[in-house]
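The values are calculated or read from the model by the stated rules, or taken from the named source; none is laboratory data. None of the values given here were measured: they were computed from a predicted structure. Cβ sites come from the backbone with ideal geometry, for glycine too, and all protein chains shown count toward neighbours.
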Amino acid sequence: MKHPIDYDDWLGYLDGDLDQIRTARVREHIDHCSECRSTWNELLEATAALRSAAREYAAVHAVCDDEVRSGRERVLARIRTLESPSTLESVAAGELTVGRLRKLQHVVAPVGGARTAFRLIVAAAGRTPVPQGTAAWRIFLEQLTDLTSALCGRSMARLVWEIGNSLP
Amino acid sequence: MLARWINPVFLGIVAAASIAANLAMPELRLYIHSAAYLLTGLLCVEIARDYDHKLMRLSWVLFSGEPFSLAASFPLGISAVVSWLGGVTQRDHIALEMVQLGLTCLLAGMILTWWQLRQFGLGFHARGMDWVAVGAILTGMAIFFGLSWQGGWMFPMMAGARVLLFLAAAVSILLNRFCQQMGGGEIARVIRFIIAYVATRCVMNLVFAVNKTWAPVALELEDLLNVVFPWIFLFGVTLRARVAVRAEAELARVNGIASSI
């Protein structure tokens, strides 16, 4: 199953930094997804343990909030590493078929680089809430176009958008 | 679009011819460099206009500051007027200030690019070895300033520009790692051209320091690097500008196919 919560969402949700819409989205997903609920509980436990350790040893070792934060980020980085997909097949779902994703990867790769193109697709797929929905491809394309625009410029983004829309 | 009219192969021929002309007739150098920098600056602005992302656009606006500053410091720009108003010393002073301004823009543009690439969340990250290399470059900077101190030829304005240049070289190490992590592509190639530009200027300064401090052992090398480095930047910027041109052409082709179906 694909999860619409990315690394930044986890971090923001933990810190309470997310806006209302994203907070609601993350909360709703955690309520419905047992896997993410379990990750969330682990994260809370890890954070609580780090905070408690920080309080306990603060007097002796002068552990500060930055160190707690960095410890938590290491935990999150580990989660991210475990969950990051390595092939387009593992990203594909519903309307996001391997063929379509591969075609877009071939459009972006000559400009952004092969690995970057793959990561852009993974990131855009991660931001597509329900890949099985009827509007999923459009949402995915919007996300990919935004990311491509930021990295490669408006012209490339328009090309990705047009080719994406013309794919069968 | 200016980039539409610039063919990289033709640019290569022009660059080779002008490098040969520069070496044969040094009095032409300032004019040719000035024109090359002006073109580079205009292309940077064109690239900036291709970005909707504010900080990426800003980074290219900053990149344009480097060629524009250098073009202005050459005779086609302000220095002829300043020379007439305040004499050669005043002209040199203004020219050095322009060089410093350009390097500040270049460094800021590189740092912004590095920062933005990190922020995109695409997994770009520096490794331990990169920080070791950054340390080595800063050591190189210390050696350079040691040589200049020994030679007694460095004055404060020159020192400021050199510090900026070596800092840009340090940022280049981090950017180069990101280029590797991109897995090829035009964007990585463009960044590498900017890195090569900074590296060439650093080497040129080190050779200059050796020539000034001890004996003029590598004057030809210094001369060659001096005529080559503006073209490196221009090539990189041209490649990036051509990305937009090619994308537009491809877009027209795709739309043409779509409308014919």
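The table for this structure:
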quantity	calculated
Single unsatisfied condition, A:T81 versus (1) within 14 Å of chain B (Cβ to nearest Cβ); (2) modelled with pLDDT of 70 or more	(2)
Residue count for segment B:112-129, restricted to those that are under 27 Å from A:G126 (Cβ atoms) and assigned to a helix (DSSP H, G or I)	8
Any chance B:A36 is part of a helix (DSSP H, G or I) and surrounded by fewer than 20 Cβ atoms within 10 Å (Cβ to Cβ)	no
Scan of segment B:74-112 for residues that are at pLDDT below 60 and hydroxyl-bearing (S, T, Y), ordered by number	B:S79, B:S83
The one condition in (1) more than 14 Å from chain A (Cβ to nearest Cβ); (2) outside any loop (DSSP other than H, G, I, E, B); (3) more than 17 Å from B:C44 (Cα to Cα) that B:W231 fails to fulfil	(3)
Meets criteria (surrounded by 21 or more Cβ atoms within 10 Å (Cβ to Cβ) and assigned to a helix (DSSP H, G or I)) for B:A199	no
Filter result (touching a residue at least 40 places away in the same chain (Cβ under 8 Å), within 15 Å of B:K54 (Cα to Cα) and at the interface with chain B (Cβ under 7 Å from one of its Cβ atoms)) within segment A:136-163	A:C152
